[in-house]
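Only one structure is covered here, and it is reproduced in the block below.
Throughout, read-outs are computed from the coordinates displayed, never taken from laboratory work. Here the structure is a predicted model, which is why all the values come from computation and not from measurement. Cβ sites come from the backbone with ideal geometry, for glycine too, and all protein chains shown count toward neighbours.
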Number of protein chains: 2
Amino acid sequence: MTASNGAAIDAVADLAGQCSTDIPASARAMATLSLFDWCVVALAGTGQPVSRIIRDLVLDEGGRPTASVIGAARKVPPRAAALANGTISHALDYDDTHFAHVGHPSVAILPAALALAEDRDASAAALRDAFLLGAEASIRIGMVLGREHYERGFHQTATAGAFGATVAAGRVIGLAPAQMRSALSIVSTRASGLKSQFGTMGKPYNAGIAASNGVEAALLAERGFISCDDGLGAAQGFLATHAATAADWPAVGGFLFEDIKHKFHACCHGAHAMIEALQKLMTQRAIAPDAVASIVVRVSPRWLKVCDIKAPRSGLEIKFSYAYLAAMVLSGIDTAADHSYADAACDSAALRRLSQRVTVVGDAHISDTETEVALTLPDGLRVTGRHDLSVRHAPEVIANGLRRKARALLGDERAEAIWTSIAGIDARSARDLAALLRG
Amino acid sequence: MTASNGAAIDAVADLAGQCSTDIPASARAMATLSLFDWCVVALAGTGQPVSRIIRDLVLDEGGRPTASVIGAARKVPPRAAALANGTISHALDYDDTHFAHVGHPSVAILPAALALAEDRDASAAALRDAFLLGAEASIRIGMVLGREHYERGFHQTATAGAFGATVAAGRVIGLAPAQMRSALSIVSTRASGLKSQFGTMGKPYNAGIAASNGVEAALLAERGFISCDDGLGAAQGFLATHAATAADWPAVGGFLFEDIKHKFHACCHGAHAMIEALQKLMTQRAIAPDAVASIVVRVSPRWLKVCDIKAPRSGLEIKFSYAYLAAMVLSGIDTAADHSYADAACDSAALRRLSQRVTVVGDAHISDTETEVALTLPDGLRVTGRHDLSVRHAPEVIANGLRRKARALLGDERAEAIWTSIAGIDARSARDLAALLRG
């Protein structure tokens, strides 16, 4: 690591202390959409086995009831609520992604901000701004940690996420600049999370521990806990010990958070560009499923290790299978609804037959967010399409998509009630939002 | 990492499930002594600033009152008690050390075992055995992580300690073998702790997070939480991602725990062999302090980076200063009493003058646990002495030393009350022992 890592903690502390009036409206709009989407995904995941386990743990502990737990009537202390809510909201893996950060910002950051905003009775707008700044910090730290950190086996959602959660939590409780630096150094010895948990309950738990670590670090700093000067960039700080890739803090104007991508399909984000490209093609050309003789899908080679399961044996594996997901799109199955990914879908002869017509090709000229598809029809006609997730859409377009997703997951009435509440965020308290999540 | 790391989780799970009747009495005797010493050091550290901060945090959260907090009248849930008690008991840095483990086993493991033993109303003997097995696991994992892990910046007390705390906690609550493996894989994504916290409140906090992580992992596994198959030795498991040194699990008969070393001086363990050698020499030869013209101290080169501060500016720095500590021994100051390390001691002209006569030499032929001292008297006479901490002493000898230390720290009455209670461990419950620690 080079000396320039010393700049990291200063940059994060500056970001955390940014004046509210300097936050662009465009970034705020995206943060509000992520807040809505997070509530929806969290509520949809409330019945998952991992959600029940973590919720029962914190409810059984009890304690000062100041922070809501998703799907529970009783409240718990903020550290515990953050642990539970981070885990529950990532249980379906249907939350947002930031590709440059290499991770899921909302599930690690929002539960930390919400737990303390509810505890301190902050406004919903202050909660949203704290979340936005924390998410921005986690994205930038995620970029500094970079590809090497991820390839080594660390999970940015959890590691960079813990720092972002600290920023959000510290902002909500009004830490002074020196306290914020202390909180960041405290969390440097607590931040953790490994990718070897993927495919198990440990993946959503990683988001919960990040959120809980952020709350704990902020509360300790508020009480006068003294850590080292720079737990992030010091010689044996977090960056140096955790295989950080970059030597330099990213020089950016504006908010990288604006590139946040929400999931509109309940599967691995690596397959979303393919689904979009195929859906567009099928609709435009009005192609019947069985009219497709073969499909070639071209993706960034990095995804081949992530979501190219050829013959899925479970609903979870379908979510990581280009071939099967392509077959579902051709068959007109709703990829937005989680129930489409039942284990029984693996037994569909029609889907299996279609999936066998799919060839996936890694192409180093294609970015992480792009996919090209080429369909061959029986008469030899070849039609092609592509989609790039990195293209930004207007907030209204995203909002419409998220509302459709919410209705699919929660039903019309509940989805629209949440939408209405969050659309009126400037008149709400954090406690109003927390009330939406209780059982 | 080689494939043989796959053996690690099996070995740890086997150790955790070891039949009580197979535990040798000699290991149990040492564990009982460590239990006594831990109680003493924990109570002595109860008023430290970091102790107050962490205790206030968990007391303020409250919750189901089943586990005692050192120095508090009220109880809290086990996860919280473990966090507080690990931190409080390491606040003075006066607890035991295992040199092969490169760390402090008791402060990370005992708080986890005690919190759940009290919660479940286990016997004190079961608590002691669970602690012993957890400590043994942490020592062996610490050895596998090894020097490279430590030099990279990780703190075995916290990292290996979290696995040991999981073993101890899981043993207390009676996890089945498959649950114990789950718990170990759960904690693999939660274990953390950096050496860059040394010299700050973050060092004792590292012990607290290890203890708390162990309790959390055991409780989640008990509730059916499913993690990956092998979070320790898998391709991107804890060992591979955290710079483990060794490829092989140590093949040992018996308990490495029996090499545990208790501190009889309230300073860095690296200086203890020098203090012992000097004290022996001064007593045997009846040398007056000012009769010493010069002192040469020969130590393992690794300690030069740890405890060779030439001119300490605080009581804490005195604890890491060969020269100043030698001057204290020559002057007959009690190095066992924490109050001897007041900041004001730095201003003593007599100590400063004596300390300037000390030369410290790194010698690669000297082990971590040895020190040689050579004193030159004004008439040119040269007397030499040495001490090796690795020499095992009879339990009675250690017990006498620990009781002296306890009386120096807590006063005769309290020290002997704790001694009596722990000496009768087979007739006690964990709740009896926990009662000794409350305020």
Relative to the other copies, what are the label-point distances for residue B:176, with labels 7 Å from Cα along the C-beta vector, expressed in nm at one decimal and sorted shortest first?
5.5
Principal axis extents for chain A, Cα atoms only, whole Å, descending order, please.
73, 50, 38
Peptide B:234-241 - average C-beta neighbours from other chains (10 Å radius):
5
Roughly what would the spin-label model give for residue B:417 and residue A:285, points 7 Å off Cα along C-beta, in nm?
8.5
Segment A:134-206: Kirkwood hydrodynamic radius (Cα pairs, Å) comes out at 12.6
Rh by Kirkwood over Cα pairs, then Stokes-Einstein D for segment B:376-439 at 1.567 mPa s and 4 °C, µm²/s:
87
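From other protein chains only, count the Cβ atoms within 10 Å of every residue's Cβ in A:184-193, then give the mean. Please report the intermediate quantities before stating the final value.
On the way: counts 0, 5, 5, 1, 5, 15, 10, 2, 14, 3.
Rounded to a whole number, the mean comes out at 6.
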Cβ-defined net charge surrounding residue A:250, 15 Å radius [Lys, Arg +1; Asp, Glu -1]
-4
How high is the relative contact order of segment A:269-388, in percent, counting Cα pairs under 8 Å that sit 6 or more residues apart?
40
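In the neighborhood of residue A:106, defined by Cβ-to-Cβ distances under 13 Å, what is the net charge if each Lys or Arg adds +1 and each Asp or Glu adds -1? Don't skip to the answer; put the middle values down first.
Numbers: positive: A:128, A:261, A:263; negative: A:37, A:93, A:95, A:96, A:136.
Taking every other residue near residue A:106 into account, the sum is -2.
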If a/c stays under 1.5 just call it rounded; otherwise compare a/b with b/c (prolate if a/b is bigger, oblate if not). Do that for the protein assembly as shown, with a ≥ b ≥ c from the square roots of the Cα gyration tensor eigenvalues.
prolate
Per residue of segment B:189-196, what does 6.51 cos²θ - 1.76 cosθ + 1.60 with θ = phi - 60° give for ³J(HN,Hα)? Whole Hz please, x for Gly and Pro, Karplus curve as stated.
8, 10, 5, 7, x, 10, 6, 5
Which of A:213, A:400, A:85 moves the most in a Gaussian network model of chain A with Cα springs under 10 Å?
A:400
Among A:130, A:408, A:271, whose mean-square fluctuation peaks in a Gaussian network model of chain A (Cα, cutoff 10 Å)?
A:408
Exceeding the 31 Å Cα-Cα cut-off - candidates A:263/B:203; A:75/A:405; B:261/B:305; A:280/A:310; B:75/B:405
A:263/B:203
Expected sort for A:424-435, B:50-61 on mean C-beta neighbours within 10 Å, highest first, is B:50-61, A:424-435
For a quick check: with amide H placed at 1.01 Å from N, whose amide H comes under 5 Å from residue B:439's, ignoring anything fewer than 5 positions away on the same chain?
B:71, B:72, B:73
Ratio to report: Rg/Rh of segment A:269-388, with Cα atoms as the point set and Rh obtained by the Kirkwood method; give two decimals.
0.93
What is the fewest-to-most order of A:340, B:89, B:196 by other Cβ atoms lying within 10 Å of their Cβ?
A:340, B:196, B:89
Mean Cβ neighbour count within 10 Å, used as a protection proxy, ranking A:235-245, A:137-147, B:315-325 highest first
A:137-147, B:315-325, A:235-245
Return the percentage of antiparallel bridges among DSSP beta bridges fully within segment A:269-388, rounded to the nearest 5 %.
75
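Name the shape class, rounded, prolate or oblate, that the alpha-carbon gyration tensor gives for segment B:18-100, where a ≥ b ≥ c are the square roots of its eigenvalues, rounded holds for a/c under 1.5, and otherwise prolate holds if a/b is larger than b/c and oblate otherwise.
Cα axes put segment B:18-100 in the oblate bin.
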Report relative contact order for chain A in percent, whole number only (criteria: Cα-Cα under 8 Å, sequence separation at least 6).
20
Looking only at other chains, what is the average number of their beta-carbon atoms within 10 angstrom of each beta-carbon in B:154-160?
1
Cys residues of chain B with no disulfide-compatible partner (no other Cys Cβ under 4.7 Å) are B:19, B:39, B:228, B:267, B:346
Residues whose modelled amide H sits under 5 Å from the amide H of residue B:321, counting only those 5 or more places away in sequence or on another chain, are B:309
Report ³J(HN,Hα) in whole Hz for each residue of segment A:310-317, in order, from the Karplus equation J = 6.51 cos²θ - 1.76 cosθ + 1.60 where θ = phi - 60°; Gly and Pro get x.
6, 10, x, 10, 8, x, 4, 5
